[in-house]
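Trainee: Pasting a structure here, questions to come.
The values are calculated or read from the model by the stated rules, or taken from the named source; none is laboratory data. If you're wondering where the values come from, they're calculated on a predicted model, not measured in any experiment. Here the Cβ positions follow ideal geometry from the backbone for every residue, glycine too, while neighbour counts run over all protein chains shown.
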Amino acid sequence: MRASQLHWSGPAGWMDENSHPQPVDLVLYFGTRAALACGARYRELRAMFPRAHLLGCSTGGQIRGTDVSDDEIAAVALQFDATRVKLVAHAVADIGRSRACGEDIGRSLVADDLAGIFILSDGLKVNGAQLVAGVAGIIGDDIPLTGGLAGDGAAFAETLVGADGAPQPGMVGAVGFYGKAIRIGHGSAGGWDPFGPRRRVTHAHGNILLALDGQPALDLYERYLGEEDIKGLPGTALLFPLIIQDPERPEHEVVRTIVGINRDDRSLIFAGDVPEGWMARLMRGNFDNLAAGAAEAARQADAGLGNDIAGDAVSVMVSCIGRRLLLGQRITDEVEAAVNEMRAMTHLGFFSYGEISPHAVSGCCELHNQTMTVTALSEAA
Amino acid sequence: MNRRSIVDKLFAQQIAKARTPSGEVDLELLGSLVVAAYAEAERDRRRNEHAIAMMVEEVDQLNRGLEKLVGQRTAELKAREAELEEQNFRFDAAINNMSQGLLMFDSEARLVICNRRYLEIYGLSPEHACPGVALVDMLKQRAAMGTFAGDPDEYLAFLVNSLAQGKNVTRVIELPDARIISVVNHPMPGGGWVATHEDITERRRAEQQIAHMARHDALTDLPNRVLLSERLSERLTAGAHHGEMLAVLYLDLDHFKGVNDTLGHSVGDELLKAIADRLRSCANDTDTVARIGGDEFAIIQTNIESPSEAAMLARLICDTIKAPYNLHGHVVIVDTSIGIAIAPNDGVDVDELLKNADMALYGAKADGRGTYRFFESDMDARVKARRTMELALRKALEVGEFELHYQPLLDLKQDRVTCCEALLRWRHPEQGMIPPSEFIPVAEEIGLIVPLGEWVLRQACLDAAGWPEDVHVAVNLSPSQLINQSLLPVVINALAMSGLSACRLELEITEAVLMQNTETTMATLHRLRELGMRISMDDFGTGYSSLSYLRSFPFDKIKIDRCFISGLPDADDSLAIVRAVTGLAGSLRMTTTAEGVETQQQLEQVRLLGCTEIQGFVFSRPRPAAEISAFLRPDRPIARIA
């Protein structure tokens, strides 16, 4: 496999980091909604890579190498030696169809030699948990499914996904990797520290959390945020992700992040389901621990590549927007920590509204929040 | 990475970011980045502080909530503990105060619960019955103490096996000290069982007592009619095969009612007990002496060779019973009448024999009491006739078949009728006139004599009221009437209804009345005399101690019995008696009447002997009421008795 990185910025336009291998099979790109919304960037990429599949999304910031930027587009062009790729695009008209959409994608991509799927989804109009469950229900838990939900900075207004087309809201794009040569490593870790009392989810519908221990969920968050951060809702709610746990499977913990609030019914809208009856605990980030979490995810991904790789390797980091809001300028700490753990020479990624990766313990593909999720790609020698 | 290197690295990044394309550092930009970093750090610190403060507050709140909850729960637990303790206390109190011994065993035959009563029953100490001890060990302990008989292991095996089949295991054991314990083992779900041990000694005794009472007379402790019938039935059944002869003697005390009435029931009861003892002494061990009610007794005399043995026993009983009794200072003499039936001749079943013995008793009484009679086949008819008379007598009073006849008494000095004696007659619609000697004893026996006497008093007063003023009427009073408390009001009522003056009523009593010489009788006689009535002693001289009775009451008149008059004028002894009586009466200022004067010589004799009056056929037979009125008319010249 050969990977070449490129990026775009307003003043400079597209800049190649290397000369691109031809023909390119797949281009992954991540940029701000502002940069992608007009469709011009897509058309420029299409012109550059007429035969490649182009899969990208809007973000809460991009990662390129160890840099984090807000106004660029980070992209990578990949040429495979022995791996076939297939891209599917799906528009989700109704958030309630998220699972069906996932099942459609699964059915479109499933094949005997399917080795893995990288998926990007709208971050606001799709229930990521249902989407993942839909795909995983078709392809099974043995085939890694990674990716993330598109972001919109701290605005939470609109997210875009483009899959062989101009990025649009309400889209889901997924690329399947086929054949024996492809090596896909993945890792996911949070590094958040649970704090405060354990609470029970006493009222919830799907991804809408209405009450914890009988108290309105938004009240709890506002109390913890304090007056200064209440103004920044819903973005600031990311500072306190929720770790939820099925009381019947206590070892299985999932972190959920807030993507919206409803002041009328004092509810919080999460990027994934928050089932009633589950236990929940607030989490809080510590700069060093978050960076350590990122490093852990990177270690897992790198290990997943194995030792028989040849050519280039690329890591796609999908990190939660919440981490970025918390870490501020020190966001580069976690990127550096991750990069330092990997053999890959090419690193890119974005800050998302949700990360998709197999669960570190159960192995089941799931939607994560507030994690650093790393997908490493390479081909066997 | 240490803090210093982090800061260094951040600052390096900031410098890199602030570097312009020309390589110079834009200090303004660098400054803003540094300020922003400080602001971020400061904000993070504030957030952390706030979050920690919130958490502390929340945790504190939760803690308070938990403390409150723990407090509540602790209080609840304490309350429940107290309740449980109370419950346990009540449970302990309940089981330890049970009258039964109570044990509970688990499925391994080990003790779970044992109450105090169980220990008491078997004299065990608490260490013998600690929870967890095996039943077999408890049984061995009891065996050593003598309160368990048998092999403990065998008994346990039997018990467990029976209980396993869901059966109650019940047994009654008798302890060496004669206490009787009822043990019930009741299986429980799960293989254990509950055992109760109850001391039923008293209950058993009471049951035996009740069984005894059901077959014995409470007063004399003799067998009662039930046991008599059972014994008789047994003997008849057993004897039937060997042709065994036995006798049933039926006894009835003569005039026992009088003892009860005059001396009171306590003396009557004492008499019955004494009689029971005497009857026992008369009978053999194999005989059965029973009291079958009131003053009636029966004896089953077994293994006799001939009826004469029964007659011997009857005579022995008559003699034994006749001997005087000293009861609470009273000397009492009673006679007994006995009826005898012999099996198999007079019957082969219980009812028949008892009935025939009773009939024979009836016969004995009819023969004048104080004797015995064997059953005879025609007794049945006689008894029936007697029963018929009883019924007819009762009816006769209701429908007015009785009438009074009057026999005049002639005053020998005044030569006129001074008094008429009322004599009761029964005009039976079919049998015609029935003499008083036939029906008066029956009326006495069936208690009809009192109402009959009342009728006589009323009727005699009514009749006499129509007679001339100087003619008295004499009415006989029976002993029963004098005992009866209602005599005085009845007499007063009869006088009031008829308008007859009290001084014209003479009341005649016999010695038999004075034999029951009680305060009540004497008081009644005095009261009657105070009211103006005259009291006569009738049939004087027939009793044992007539003379002595004259001292006990101031009689107005003595009526010398006809047996002395009939011997006149030839019998010297009669002459002497009549002379003595008239002499005595004269000195006591009593008038004398010679009864049954039939001949002119007798009349002359008694006149010479000093009798005041005569009564007899020589002057007038008894006449019906209608006839006597005409006889007494003042214009009717008195027939001169020459």
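Trainee: Of the residues in the stretch B:141-177, how many are in contact with a helix residue (DSSP H, G or I) (Cβ under 7 Å, 6 or more places away or on another chain), among the hydrophobic types (A, V, I, L, M, F, W, C), in a helix (DSSP H, G or I) and closer than 19 Å to B:S107 by Cβ?
Mentor: Count: 1.
Trainee: Select from the stretch B:546-595 the residues that are over 51 Å from the mean Cα position of the chain (by Cα), in a loop (DSSP other than H, G, I, E, B) and under 14 Å from B:G616 (Cα atoms) and list them in ascending order.
Mentor: Selection gives B:L568 alone.
Trainee: Might you check whether a residue that is on the phi > 0 side of the Ramachandran plot and assigned by TED's automatic domain parsing to the domain that holds B:M145 occurs anywhere in the stretch B:104-112?
Mentor: There is at least one residue in the stretch B:104-112 that is on the phi > 0 side of the Ramachandran plot and assigned by TED's automatic domain parsing to the domain that holds B:M145.
Trainee: What's the total number of residues in the stretch A:223-249 that are within 10 Å of another protein chain (Cβ to nearest Cβ) and at pLDDT 90 or above?
Mentor: Selection size over the stretch A:223-249: 0.
Trainee: Another question about this same structure. Yes or no: A:L268 modelled with pLDDT of 80 or more, under 21 Å from the mean Cα position of the chain (by Cα) and either of a type outside the set (D, E) or farther than 23 Å from A:M372 by Cβ (or both)?
Mentor: Yes, satisfied.
Trainee: If you don't mind, another one. Of the residues B:M497, B:M433, B:M522, which single one is surrounded by fewer than 19 Cβ atoms within 10 Å (Cβ to Cβ), assigned to a strand (DSSP E or B) and in the same structural domain as B:K395 (by TED's automatic domain parsing)?
Mentor: One residue alone meets the criteria, B:M433.
Trainee: If you check B:S566, B:S587, B:S552, which single one turns out to be touching a Leu at 6+ places or on another chain (Cβ under 7 Å) and modelled with pLDDT under 90?
Mentor: Among B:S566, B:S587, B:S552, only B:S552 is touching a Leu at 6+ places or on another chain (Cβ under 7 Å) and modelled with pLDDT under 90.
Trainee: When you scan the stretch B:533-543, do you find a residue that is free of Cβ contacts under 8 Å to residues at least 40 places away in the same chain, assigned to a helix (DSSP H, G or I) and not small (G, A, S), even just one?
Mentor: No - not one qualifying residue is present in the stretch B:533-543.
Trainee: Taking strands (runs of 3 or more DSSP E) that do not extend beyond the stretch B:368-430, which have at least 3 residues that are hydrophobic (A, V, I, L, M, F, W, C)?
Mentor: Fully inside the stretch B:368-430 and qualifying: B:402-411, B:416-428.
Trainee: Exactly one condition in (1) touching a residue at least 60 places away in the same chain (Cβ under 8 Å); (2) on the phi > 0 side of the Ramachandran plot is not met by B:G146; state its number.
Mentor: That leaves (1) as the condition not met.
Trainee: Among the residues of the stretch B:49-66, are any more than 60 Å from the chain's Cα centre (by Cα), assigned to a helix (DSSP H, G or I), away from every other protein chain (no Cβ under 14 Å) and over 30 Å from A:L326 (Cα atoms)?
Mentor: no
Trainee: Any residue at all in the stretch B:322-330 that's more than 23 Å from B:N356 (Cα to Cα) and part of a helix (DSSP H, G or I)?
Mentor: yes
Trainee: Being more than 9 Å from chain A (Cβ to nearest Cβ), part of a helix (DSSP H, G or I) and either more than 60 Å from the chain's Cα centre (by Cα) or of a type in the set (A, V, I, L, M) (or both): is that true of B:R46 here?
Mentor: No.
Trainee: Restricting attention to the stretch A:15-47, which residues are touching a residue at least 40 places away in the same chain (Cβ under 8 Å) and either over 22 Å from the mean Cα position of the chain (by Cα) or in a loop (DSSP other than H, G, I, E, B) (or both)?
Mentor: Scanning the stretch A:15-47 gives A:H20, A:P21, A:Q22, A:P23, A:V24, A:D25, A:T32, A:A37, A:G39, A:R43.
Trainee: All but one of (1) in contact with a Lys or Arg (Cβ under 9 Å, 6 or more places away or on another chain); (2) more than 25 Å from A:V161 (Cα to Cα); (3) within 14 Å of chain B (Cβ to nearest Cβ) hold for A:A292, so report the exception by its number.
Mentor: Single failed check for A:A292: (1).
Trainee: I'd like to check something: does the stretch A:168-184 contain any residue that is among the aliphatic types (A, V, I, L, M) and not assigned by TED's automatic domain parsing to the domain that holds A:R43?
Mentor: No: the stretch A:168-184 contains no residue that is among the aliphatic types (A, V, I, L, M) and not assigned by TED's automatic domain parsing to the domain that holds A:R43.
Trainee: Given the criteria surrounded by 22 or more Cβ atoms within 10 Å (Cβ to Cβ) and not in a helix (DSSP H, G or I), does A:R183 qualify?
Mentor: It is true that A:R183 is surrounded by 22 or more Cβ atoms within 10 Å (Cβ to Cβ) and not in a helix (DSSP H, G or I).
Trainee: Continuing with the same structure: Can you tell me which residue within the stretch B:34-43, out of those that are out of contact with any Gly (no Cβ under 6 Å at 6 or more places or on another chain) and either outside any helix (DSSP H, G or I) or at the interface with chain A (Cβ under 7 Å from one of its Cβ atoms) (or both), is farthest from A:F287 (Cα to Cα)?
Mentor: B:A36
Trainee: Please go through the stretch A:151-167 and give me each residue that is outside any loop (DSSP other than H, G, I, E, B), at pLDDT below 95 and more than 13 Å from the chain's Cα centre (by Cα), ordered by number.
Mentor: Once the filter is applied, which keeps residues that are outside any loop (DSSP other than H, G, I, E, B), at pLDDT below 95 and more than 13 Å from the chain's Cα centre (by Cα), the stretch A:151-167 yields only A:A154.
Trainee: Which residues, counting only those in the stretch A:69-85, are touching a helix residue (DSSP H, G or I) at 6+ places or on another chain (Cβ under 6 Å) and surrounded by fewer than 21 Cβ atoms within 10 Å (Cβ to Cβ)?
Mentor: none
Trainee: For the stretch A:317-329, does any single residue satisfy the condition of being outside any helix (DSSP H, G or I), touching a helix residue (DSSP H, G or I) at 6+ places or on another chain (Cβ under 8 Å) and within 13 Å of chain B (Cβ to nearest Cβ)?
Mentor: No, the stretch A:317-329 contains no residue that is outside any helix (DSSP H, G or I), touching a helix residue (DSSP H, G or I) at 6+ places or on another chain (Cβ under 8 Å) and within 13 Å of chain B (Cβ to nearest Cβ).
Trainee: Same structure again: Of the residues B:G31, B:G23, which is assigned to a helix (DSSP H, G or I), away from every other protein chain (no Cβ under 11 Å) and not aliphatic (A, V, I, L, M)?
Mentor: B:G31
Trainee: If you check B:V136, B:V112, which single one turns out to be under 22 Å from B:G190 (Cα atoms) and assigned to a helix (DSSP H, G or I)?
Mentor: Result: B:V136 is the single residue among B:V136, B:V112 that is under 22 Å from B:G190 (Cα atoms) and assigned to a helix (DSSP H, G or I).
Trainee: Check whether at least one residue in the stretch B:559-575 is within 20 Å of B:L505 (Cβ to Cβ) and touching a Lys or Arg at 6+ places or on another chain (Cβ under 7 Å), and report yes or no.
Mentor: No, there is no match, as no residue in the stretch B:559-575 is within 20 Å of B:L505 (Cβ to Cβ) and touching a Lys or Arg at 6+ places or on another chain (Cβ under 7 Å).
Trainee: Related question: With the structure loaded, tell me whether A:F350 is away from chain B (no Cβ under 14 Å), within 17 Å of A:F118 (Cβ to Cβ) and surrounded by 24 or more Cβ atoms within 10 Å (Cβ to Cβ) or whether it fails that test.
Mentor: yes
Trainee: Please go through the stretch B:334-371 and give me each residue that is within 15 Å of B:K322 (Cα to Cα), out of contact with any Lys or Arg (no Cβ under 7 Å at 6 or more places or on another chain) and surrounded by 19 or more Cβ atoms within 10 Å (Cβ to Cβ), ordered by number.
Mentor: Across the stretch B:334-371, the qualifying residues are B:V334, B:T336, B:I338.
Trainee: Any residue at all in the stretch A:337-358 that is assigned to a helix (DSSP H, G or I), among the hydroxyl-bearing types (S, T, Y) and not assigned by TED's automatic domain parsing to the domain that holds A:G260?
Mentor: So far as the stretch A:337-358 goes, no, none of its residues is assigned to a helix (DSSP H, G or I), among the hydroxyl-bearing types (S, T, Y) and not assigned by TED's automatic domain parsing to the domain that holds A:G260.
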